[in-house]
Amino acid sequence: MKLLVTGGAGYVGSVVSALLLEAGHEVVVLDDLSTGHEDAVPEGARLVRGTLRDTASEVLGGAGFDAVLHFAARSLVGESVEKPGLYWDKNLGESLALLEAMRVAGVHRIVFSSTAATYGEPESTPILETDPTRPTNPYGASKLAIDTALAEYARLHGIGGVSLRYFNVAGAYGRLGERHAVETHLIPNVLKIAQGDGGAVKMFGDDYPTPDGTCVRDYIHVTDLGRAHLLALEACEPGRHEIFNLGSGTGSSVREVVEVCREVTGRDIPAETAPRRAGDPAVLVASSDRIQARLGWKPERDLRTMVDDAWTFLRSR
Ligand code: UFG
């Protein structure tokens with residue numbers, strides 16, 4: 001298939017681009033490089049530099065694309081609380097420009113990178129796709145609004161859309177891994193300290209209602225996540241919008257993650273308790289039963305493999 005990958009210079013977008021190329025697809029990456037990296041675009045993909053608003057219609061128009069995989073977004077919860085306008089503009093505004101460009105160009109399939117942040121604080125665990133969506137920050141709210149727009153474009157314009165709601169993505173795929181200018185995620189932060197960046201891991205809160213008092217998250221390997229996109233692409237049906245959670249179905253606490261990082265790196269990583277981080281739910285674990293049943297997807301790589309791959313990636317840089 002001829003595929004447009006928006007945000008293909010970012011972490012998940014670059015890994016999915018690589019997997020698509022390996023599967024024999026033709027890949028064009030559209031990325032404004034505001035947070036992505038030109039050298040993360042896999043060899044064999046063509047990079048078009050630009051925003052969706054300015055370039056999506058030009059790129060898609062009359063070019064015979066079969067589908068779009070849409071990753072381009074701002075994705076920092078904290079930043080979204082400080083700059084909600086930026087998130088509504090970059091996430092929702094640019095996605096609407098993309099959907100319009102698809103409609104005009106007659107491209108009918110899209111796989112969208114959604115998030116667990118659309119659910120907000122869960123009422124029960126594991127989280128099902130049918131659970132209430134009450135995002136607690138503009139990041140989650142802007143992604144949920146895109147899911148809503150996709151449902152409308154499916155109903156009214158015959159687009160086939162699949163939204164994949166990621167839980168905590170980790171790990172690396174060879175030379176493709178997490179390279180955020182401001183790193184807020186747990187695993188890369190712990191590994192940087194293991195590498196000798198100095199300081200101690202700050203574990204945000206140890207008085208949550210969880211077995212060891214630290215927050216529990218559902219970690220998923222970026223390669224497992226990537227494979228789900230290829231299955232979702234095949235499953236896009238005109239006129240239908242579907243939502244699938246993507247997690248492993250099991251939770252790991254912050255303390256457990258730090259311990260696995262110590263085991264994998266063989267280093268004595270200092271860690272201390274710090275105050276809770278605003279807006280962190282105690283437990284976020286996905287039910288992935290729906291995607292397992294519908295698309296036959298299963299996670300194959302455990303937390304140790306995620307840490308191992310992220311560690312190899314970090315040391316290679
Ligand atoms: N944490 C620490 N110390 C750190 C970094 C994180 O204790 O230095 C804790 C956090 O408080 C949280 C857990 O580790 O309890 C995981 O935090 P991350 O920042 O790695 O990930 P989040 O669960 O906050 O966020 C992830 C995605 C978001 C998405 C969200 C959905 O990164 O994009 O899941 O709930 F919105």
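Applying a threshold of 9 Å to beta carbon distances and a minimum spacing of six or more residues, or different chains, the list of pairs starting in the stretch 155-170 at a residue that is more than 18 Å from His108 (Cβ to Cβ) and ending at one that is acidic (Asp, Glu) reads Arg165/Glu129; Arg165/Asp147; Phe167/Asp218; Asn168/Asp218; Val169/Glu178; Ala170/Glu178; Ala170/Asp309. Test Gly140 against the stated conditions and say whether it is closer than 20 Å to Thr125 by Cα, assigned to a helix (DSSP H, G or I) and within 14 Å of the ligand (Cβ to nearest atom). Yes; evaluated as a whole, the condition is true for this residue. Among the residues making up the stretch 120-137, those that are farther than 21 Å from Gly93 by Cα, assigned to a loop (DSSP other than H, G, I, E, B) and either in contact with a Gly (Cβ under 9 Å, 6 or more places away or on another chain) or in contact (Cβ under 8 Å) with a residue 40 or more places away in the chain (or both) are Gly120, Glu121, Pro122, Thr125, Pro126, Leu128, Glu129, Pro132. What do you reckon, is Ser248 within 15 Å of the ligand (Cβ to nearest atom), at pLDDT below 95 and crowded, with 22+ Cβ neighbours inside 10 Å? When the stated conditions are applied, Ser248 passes them. Inside the stretch 1-25, residues that are assigned to a loop (DSSP other than H, G, I, E, B), surrounded by 21 or more Cβ atoms within 10 Å (Cβ to Cβ) and aliphatic (A, V, I, L, M) make up a count of 1. Looking only at the stretch 195-206, residues that are touching a residue at least 60 places away in the same chain (Cβ under 8 Å) and acidic (Asp, Glu) come to 1 in all. In the stretch 221-241 there is no residue matching the filter, namely being touching a residue at least 12 places away in the same chain (Cβ under 8 Å), more than 28 Å from Val162 (Cα to Cα) and within 15 Å of the ligand (Cβ to nearest atom). Within the stretch 172-226, the set of residues being on the phi > 0 side of the Ramachandran plot, at pLDDT 95 or above and outside any loop (DSSP other than H, G, I, E, B) is empty. Of the residues Leu98, Leu86, Leu33, Leu20, the single one that is on the phi > 0 side of the Ramachandran plot and of a type in the set (A, V, I, L, M) is Leu33. None of Gly196, Gly160 is over 27 Å from Thr305 (Cα atoms), surrounded by fewer than 23 Cβ atoms within 10 Å (Cβ to Cβ) and either aromatic (Phe, Trp, Tyr) or away from the ligand (no atom under 16 Å from the Cβ) (or both) except Gly160.
The residue of the stretch 279-317 that is nearest to Thr118 (Cα to Cα), among those that are surrounded by fewer than 17 Cβ atoms within 10 Å (Cβ to Cβ) and in contact with a helix residue (DSSP H, G or I) (Cβ under 8 Å, 6 or more places away or on another chain), is Gly279. Contact map, the stretch 306-317: residues that are under 15 Å from Gly196 (Cα atoms) paired with residues that are of a type in the set (D, E, K, R), Cβ distance under 7 Å, separation 6+ or inter-chain. Pairs shown: Ser316/Arg175.
For Tyr119, the conditions (1) more than 11 Å from the ligand (Cβ to nearest atom); (2) over 14 Å from the mean Cα position of the chain (by Cα); (3) modelled with pLDDT of 95 or more all hold with the exception of (1).
Entry remark, the stretch 78-116: residues being over 21 Å from the mean Cα position of the chain (by Cα) and either buried (at least 24 other Cβ atoms within 10 Å of the Cβ) or touching a residue at least 12 places away in the same chain (Cβ under 8 Å) (or both) number 8 in total. Listed by first and then second residue, the pairs with beta-carbon distance under 9 Å, at least 6 apart or on different chains, first residue in the stretch 1-20 and of a type in the set (D, E, K, R), second part of a loop (DSSP other than H, G, I, E, B), are Lys2/His25; Lys2/Ala63; Lys2/Gly64; Lys2/Phe65; Lys2/Asp66.
Per the conditions (1) in a helix (DSSP H, G or I); (2) free of Cβ contacts under 8 Å to residues at least 40 places away in the same chain; (3) on the phi < 0 side of the Ramachandran plot, the sole criterion not satisfied by Thr250 is (1).
The values are calculated or read from the model by the stated rules, or taken from the named source; none is laboratory data. Because the structure is predicted, anything quoted here is derived from the model rather than measured. Using ideal geometry, Cβ is built from the backbone for each residue, glycine included, and neighbour counts are taken over all protein chains shown.
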